[in-house]
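The values are calculated or read from the model by the stated rules, or taken from the named source; none is laboratory data. Computed from a predicted model, the values in this text were never measured in an experiment. As a convention, Cβ positions derive from the backbone with ideal geometry for all residues, glycine included, and neighbour counts pool all protein chains shown. Surface accessibility is based on the protein's heavy atoms, side chains included, excluding ligands, DNA and RNA. Shrake-Rupley method; radii C 1.70, N 1.55, O 1.52, S 1.80 Å.
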Amino acid sequence: MTLGPNVSLEQTLQARLQERKDQSLYRLRMTTKGPQKPLLHVRGRDYLSFTSNDYLGLANHPLLIEAMQNAASEYGVGSGASHLVCGHSAAHDELEQALAKLTGRPKALLFGSGYMANIGIISALLDKSDAVFEDRLNHASLLDGGLLSGARFQRYQHNDVLDLQRRLQKTQARNKLVVTDAVFSMDGDQAPLPQLADVCTQQDAWLMLDDAHGIGVLGLQGGGTALAAGLSVDQAPIYMGTLGKALGCYGAFVAGSETLIDALLQFSRSYIYTTAVPPAVAVAALTAVQLLRQESWRQTHLQQLITAFRAAALDMGLPLMDSYTAIQPLLIGDADKAMKVSQALRDVGILVTAIRPPTVPVNSARLRITLTAAHTQVQVEQLLATLGKLQQSGLLTRAL
Ligand SMILES: *Cc1c(COP(=O)(O)O)cnc(C)c1O
């Protein structure tokens, strides 16, 4: 073994890496070529992919590509500075207005990514006199934001409104923020939004929704889960969504009252101290927002694929989870076994990612199947037929 210049650094890291490998938790990247689409080109072979979050198939849409090309001619490539210096363009402004309108909120503010939005929002709203309450299965960026804020940090049982209520009743904190994924990223199930909003109103707590997997897909014309659940700005005052999943671009936003947006603009460090996303990306995202309405067949087609997949998988006795969204995980349990199933699918040309701890709790490794509007019914049938074969060979059973 060759060691680098700093022996203790190399040894420490190598020991940690070996431990990951021993636990079947070591991760590798797959290098793709060409655009994100159901037939994904990896190392000389086309795979049928059920792994991306490009739920509406917009990432490779000709109108988005054209919009971005034209915007690059108009604006150039880099934004040159942060929003508060000189990086905030008319393109960013227009996109913020479109996102506010789409989500039915007075104002919106763009962030560089969903991760940055979440750490920046929570840490701007709370400090050590406050308390944050997070669903146990919240996305890592929400947990990190809560920890970064310095507020007292509690995780409540997944989607358990009573557990949350008990915790809220007990706290002496000055301000209380309740934070939840609206659609859970690794499970695909949805938070009980009306009940959460009621408890927050009752207990004088603020509700923050992360709609990374709902924006564009759920609600009237893709306006997201808060709209779908009929939650007003008062009931769900802090609504966050991303532009890198169903909207096919990159970046994120928060939508809410004028006061909220002004406060985040003043206080959110991951908004202030970072370069604005390229204007051409903002123009592409604006085009995506417009397409939600113009090509609403995408939401309908996706919903049809979800319904068909679930019906067939239930019939076959596959270990489906309680999800009615584009995220349709099959629960396997053991991380090593999940890897084997994923590899067996890959051997026959189908890509489905095995999701393992620490992304999900121990013994809940799963195959995270995602469906998109770019898939055809035939492609979904192909996936089901292959899963059926793995099931017959005894590989695809739940083992806890
Ligand atoms: C993907 C995701 C994020 C992060 O968004 P990025 O724009 O990819 O940084 C945040 N929250 C949830 C629930 C997500 O799934």
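Figures for the structure shown
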read-out: Cα-based convex hull volume of the range 64-294 per residue, rounded to whole Å³; value: 102
read-out: Between the range 342-384 and the range 145-202, the alpha-carbon center distance in angstrom; value: 29
read-out: Extension gain (nm, one decimal) between Thr275 and Val348, 0.36 nm per residue minus Cα-Cα; value: 22.0 nm
read-out: Relative packing of peptides 247-259, 317-329, 28-40 - highest average C-beta neighbours within 10 Å first; value: 247-259, 317-329, 28-40
read-out: Ordering of 56-63, 164-171 by packing [mean C-beta count within 10 Å, highest first]; value: 56-63, 164-171
read-out: Mean accessible surface per residue for the range 64-294, computed with a 1.4 Å probe while every protein chain stays in place, in Å²; value: 41
read-out: The range 288-309 versus the range 100-132: alpha-carbon centroid distance in Å; value: 27
read-out: Extension gain (nm, one decimal) between Tyr324 and Glu10, 0.36 nm per residue minus Cα-Cα; value: 108.5 nm
read-out: Percent breakdown of C-alpha pair distances by 20 Å bin, ordered from the shortest bin, for the chain; value: 26, 56, 18, 0
read-out: CD proxy at 222 nm, helix term only [per DSSP H run n ≥ 4: -39500 (n - 2.57); per residue of the chain; nearest 500]; value: -13000 deg cm²/dmol
read-out: Gaussian network model of the chain, springs between alpha carbon atoms under 10 Å - residue of Glu19, Glu295, Glu96 with greatest fluctuation; value: Glu19
read-out: Spin-label pair Gln202/Met30, simplified geometry with 7 Å Cα→Cβ offset, distance in nm; value: 4.5
read-out: Those residues of the range 92-119 whose amide nitrogen sits under 17 Å from the label point placed on Gln221, 7 Å along Cα→Cβ; value: 94-108
read-out: Highest-fluctuation residue, Ser129, Ser185, Ser342 considered, GNM on the chain with Cα pairs under 10 Å; value: Ser129
read-out: Packing-based order for 45-51, 98-104, using average beta carbon neighbours within 10 Å, highest first; value: 98-104, 45-51
read-out: Kirkwood Rh and Cα Rg combined as Rg over Rh, evaluated for the range 245-347; value: 1.12
read-out: Point-to-point label distance, Gln157-Gln290, nm (Cα→Cβ direction, 7 Å offset); value: 4.9
read-out: Nearest-20 debye value, the chain charge dipole, Cβ charges on Lys, Arg, Asp, Glu; value: 1000
read-out: Cα lying deepest toward the dipole's positive end in the chain, options Ala98, Val42, Gln195, charges on Cβ; value: Val42
read-out: Lysine pairs with alpha-carbon atoms under 21 Å apart, the chain, spacing 8 or more or separate chains; value: 9
read-out: For the chain, built as a Gaussian network whose Cα springs stay under 10 Å, the top-fluctuating residue of Lys21, Lys245, Lys389; value: Lys21
read-out: Contact order normalised by residue count of the chain, Cα under 8 Å, 6+ apart, percent; value: 21
read-out: Compactness relative to 2.2 N^0.38 Å, alpha carbon Rg of the range 277-323; value: 1.76
